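None of the figures in this text is laboratory data; all of them are computed from the coordinates on show. Computed from a predicted structure; not experimentally measured. Cβ sites come from the backbone with ideal geometry, for glycine too, and all protein chains shown count toward neighbours.
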Amino acid sequence: MKKAVYLIVCFTLILFSCKEQVKEKSQEERTVAQYSIEQFMDNESAGANGFSADKSKVLITSNRSGINNMYSTPVKGGELTPITQSDSSSIYGISYFPKDDRILFSMDGNGDEIFKIFMKDENGIKALTPLEGVRTNFRGWAKDGKSFFYGSNERDPQFLDHYEMNIEDFSSKIVYKVESARDFNAMSDDGKYITLSEAINTNDSDLYIVNTETNEQKKVNATQSGNGHLDFSPDGKTLYFSTDEGAENSYVASYDIATGTVERVTNNEWPVFSYYFTHNGKYNVFFTNEDAKTVMKVTEVATGKTIEFPEIDGQSVTSASFSRDESMALLRVGNSAKPTNMYAYDMNTKDYYQLTDVLNKEINADDLVEGKVVRFNSFDGVEVPAIYYQPKQANANNKVPAIVMVHGGPGGQSRLNFSSRTQFLVNHGYAVLAVNNRGSSGYGKTFYMMDNQNHGDKDLKDCIAGKDWLAEQEIIDADKIGIMGGSYGGFMTMAALTSAPEEFKVGVNYFGVTNWMRTLKSIPPWWASFKDALYEEMGDPHTEDSIRLKKISPLFHTDKVTKPLLVLQGAQDPRVLQVESDEIVEGVRQNGVPVEYVLFEDEGHGFVKKENQIEATKKVIEFLDQYLKGDTSKLEKTDL
C-alpha cells in the first residue's frame, strides 16, 4: 500500500513538473509585440480634480487631445465630456465650486511656470488672477465654501503671500504677508493659525505656528531636523507635522497649540508622504513611501477602525481625495506595469467605479514589464537601491543593451510608477535600471545628505556601480550600456561623459544643468526662500565654492567627451535655461563626437505636449538604436 501511494505521489510530481516546464516554455516562446512610440504615447495621462457639488460627476484633467484639458465624467463612469479645448498651453483642473458647477483651473505660458487661476462657467472663461508676470497657486477652499485661498507674488516677486478671494464678486484681500525667508504652509479652518517653514538645508527646516490675531510666532520643533506641515486637527487645537527628529525617516508628530507639547503619533518604518483629515474630520488618511511604493492607511477617527479599501488588480492607491460630505472618495490607482487610472469609491456601499481607462487598446497589458526593486553595493560599500526593468524577450542567448536612468533633483527618487517612455524603451529591447543614488529621498536622512557638496562624484560612482551591476546580469550585453537623465539626472549624464568618459557608451541629456554657477545664480525669484538651503547643499556660487562648482560643471570639460550625445531642451524652461544645452552641444561638437540636439520652442522644464513627447522619444530611440544597439535598419532619415 505504501509503495502504491509512493508511486502515485511520484507520478503526480512528475506530471506537475512537466506542466510547469510546458508553462515556462510557452511563456518563453510567447512573442512580445513591439509597439511604436505613438502607441505608447496614446496611453492617456489623466487625473481627477474632485466631485461636483451634487456628486453626480467628476472633474478630470487629461492629455487625450494631445495637451492637458478639462473633462467631466459621470461619477459611476462613462464618456469624458470636453470642458476646454486648448491647443497651446496646458490646462490643469483645480476643482468644481463647492455649491455649483463653476470650475477653477490653472494655466501657465507654455511651461514658464508663471501660473494663473481661471474660472470656467456658462459664460466662458475668466482670469481671476490676471496680473502679467505674477505667479499664483491655489491653496484650498474656505470651510464654508464661500471663498478660496491662493498664493501670489504680486507684492514682491520673491514671496508668495496668502490671499483670499470671495466667489460672489471675486474681490480679493491679502490675509498674510510673507516678509522673510519663511514659506507659507497652511491655515487652520477658523483662520486663527497659520504655519510657516524656513529651510535650513535641503533636509532640515524649522516649522513655525503664527497666531493671526496676535501675530505671535512660536517655533514648533526644538532641534534641527526635517519638519513639515501636515494638517490641523478638525477642532483646530492640534497641529500635525512630519519630523525626523531622533529618527532616520520622517514620522507624524502632534503639537498641542495651547501647551506647546509635542508627541509622536506614528511609528512608521518608512517616511511619511502625507497625513490629513477629511473635510469634517470623519477620516484620517495616512500615506507612506515604502521602498519606492506608496502605501495608504485610512482610519475612522471616532472608532479608530482601519477602513479597508479594495485591492484593484494588484495595484497601489497612490492618492485619495474625499467629497465634502465624506461619502465618496477619488482614488488614484496604478503600478509600474499598469498606467494610473482614477476610481470613484462609495464609502458606504463599498462599490467602486472606474472613471478612466488610459491604456491604449492597441497595447497588450501582458507585454508590459513590472519594475523590480534591486540593491547593489557601491564603490565604498554603501548599499544603493534601484528599480530594474528587464525586457521579456531578453535571455542568455539574446542579450540586450541597457540604460542607467538617473532621476531629477538633487534629492528626487525613482519610484514604482508607470512611465510610457520607460516601457517603450524596454519594449524595444533595452533593459532599464533606474538608480536611486546617494542623495535620493525615501531612504533616510543620512543617505539623503550623503551627496551634499559632493555632486558628480560619489553619486556618479553609484550610477557607475549600477552599470557594473547590469554588466553582471547574464541577459545584458555588457559592452552596450548607456546613461540617461533629466534635469539633475541630465547633469549626471554629462558628468559621466566628462569625468568618467569611458564608462558609458552613450549619453542622453534631458535639460540637464551643465554650468552650476549660472544655474544657481539664475534661480527664479519665487524660489528665494529655498535658495540658501540649496546653496548649503550645492555650494554658494558667490563664494570660493565657485571653484568647486566650476570643477564639477560639465560645460568646462567638454573636451573630455568621447561618446555620442543626445541633448533635449525646452526653450521656456525657467529652471535650466536653454543656454545650458546650447553651450554644451557647441562644446562637445568641437570634439568631432556625434551630437544631436532637439529643442522645443513651446516647452518648459519637462515636455507636456503629446506631439513633443512623441518627437522627443522617437529621437531617443533612433539615437540609441544607432549608437548603442548598433541597429540602423529601422532608422528613418531625420533632420536633427
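Bridge orientation summary for the chain: considering DSSP beta bridges with both residues in this region, about 80 percent are antiparallel.
What's the local net charge at ALA431, with K and R +1, D and E -1, over the other residues with C-beta under 13 Å away?
+3
Amide H contacts for THR266 (H built 1.01 Å from N in the peptide plane; partners 5 or more residues away or on another chain; cut-off under 5 Å): VAL252.
Whole-Hz Karplus values for segment 104-109 come out as 9, 8, 10, 7, 10, x Hz, taken residue by residue from phi with 6.51 cos²θ - 1.76 cosθ + 1.60 and θ = phi - 60°; glycine and proline positions read x.
Per residue, the convex hull around the alpha carbon atoms of segment 529-633 comes to 131 Å³.
Using 0.36 nm per residue, how much length does the chain from SER65 to ASP101 gain when fully extended, once their Cα-Cα distance is taken away?
Separation in residues times 0.36 nm, less the Cα-Cα distance, equals 10.7 nm.
Label zone of LYS560 (point 7 Å out along Cα→Cβ, amide N under 13 Å): in segment 493-535 this covers 493-504. If R0 is taken as 60 Å, the Cβ-Cβ distance between THR214 and ASP313 corresponds to a FRET efficiency of 0.70. Relative to a virtual label point 7 Å from the Cα of GLN34 in the Cα→beta-carbon direction, which members of segment 366-392 show backbone nitrogen distances below 15 Å? Residues 391-392 fall inside that zone.
Between ASP468 and LYS76, the contour length at 0.36 nm per residue exceeds the Cα-Cα span by 136.2 nm. For a modelled paramagnetic label at ASN201, 7 Å from Cα along Cα-to-Cβ, the residues of segment 515-544 in reach, with backbone nitrogen under 17 Å, are 530-541. The alpha carbons of segment 450-507 stretch over 36, 21, 18 Å along the principal axes, in descending order. Remark on segment 204-264: ratio of C-alpha radius of gyration to 2.2 N^0.38 Å is 1.07.
Just how large is the dipole of the chain about the Cα centre, in debye to the nearest 20, putting +1 at every Lys and Arg Cβ and -1 at every Asp and Glu Cβ? Don't skip to the answer; put the middle values down first.
Numbers: 67 positive and 93 negative charges, 260 e Å.
Using Cβ point charges on Lys, Arg, Asp and Glu, the chain gives about 1240 debye.
Scaled to the globular estimate 2.2 N^0.38 Å, the Cα spread of segment 357-509, given as radius of gyration, is 1.01. Projecting the alpha carbon convex hull of segment 338-435 along each direction and taking the average yields 9.5 nm².
If R₀ is 25 angstrom, what is the calculated FRET efficiency for the pair PHE170 and ASN348, using the beta carbon separation as r and rounding to 0.05?
0.10
The loop-placed chymotrypsin sites (Phe, Trp or Tyr not before Pro) in segment 315-410, going by DSSP, that have at most 14 neighbouring Cβ atoms within 10 Å of their Cβ come out as PHE379.
Loop-only GluC sites (Glu not before Pro) in segment 221-301, please: DSSP not H, G, I, E or B, and at most 10 other Cβ atoms within 10 Å.
Loop-located and lightly packed - none at all.
Annotation for segment 135-173: GluC sites (Glu not before Pro) lying in DSSP loop with at most 13 further Cβ atoms inside 10 Å of their Cβ are GLU168.
Rounded to the nearest angstrom and listed largest first, the equivalent-ellipsoid semi-axes of the chain from its Cα gyration tensor are 40, 33, 27.
How far apart, in nm, are two points set 7 Å out from the Cα along the Cα-to-Cβ line at VAL374 and at HIS542? Distance between label points: 4.6 nm.
Rg/Rh for segment 499-557 stands at 1.04; both radii use Cα atoms, and Rh follows the Kirkwood definition. Answer rounded, prolate or oblate for segment 92-186, using the Cα gyration tensor with square roots of eigenvalues a ≥ b ≥ c: rounded when a/c is under 1.5, else prolate when a/b is larger than b/c, else oblate. Oblate. Applying Stokes-Einstein at 25 °C and 0.890 mPa s to the Kirkwood radius of segment 159-208, computed over alpha-carbon pairs, gives a translational diffusion coefficient of 200 µm² s⁻¹. On the beta carbon distance between ASP582 and LYS550, with R0 = 25 Å, the FRET formula returns roughly 0.85. Can you check what the net charge comes to around ASN221, using other residues whose Cβ is under 11 Å from the Cβ of ASN221 (Lys, Arg +1; Asp, Glu -1)? Neighbour charge sum, excluding ASN221 itself: -3. Both radii were evaluated on the Cα set of segment 443-563; the Rg over Rh quotient, with Rh as the Kirkwood radius, amounts to 1.01. P(r) tail, segment 211-303: Cα-Cα pairs separated by more than 21 Å, 34% of all pairs.
Eigen-decomposition of the gyration tensor built on the alpha-carbon atoms of segment 256-362 gives equivalent ellipsoid semi-axes of 28, 18, 11 angstrom, largest listed first.
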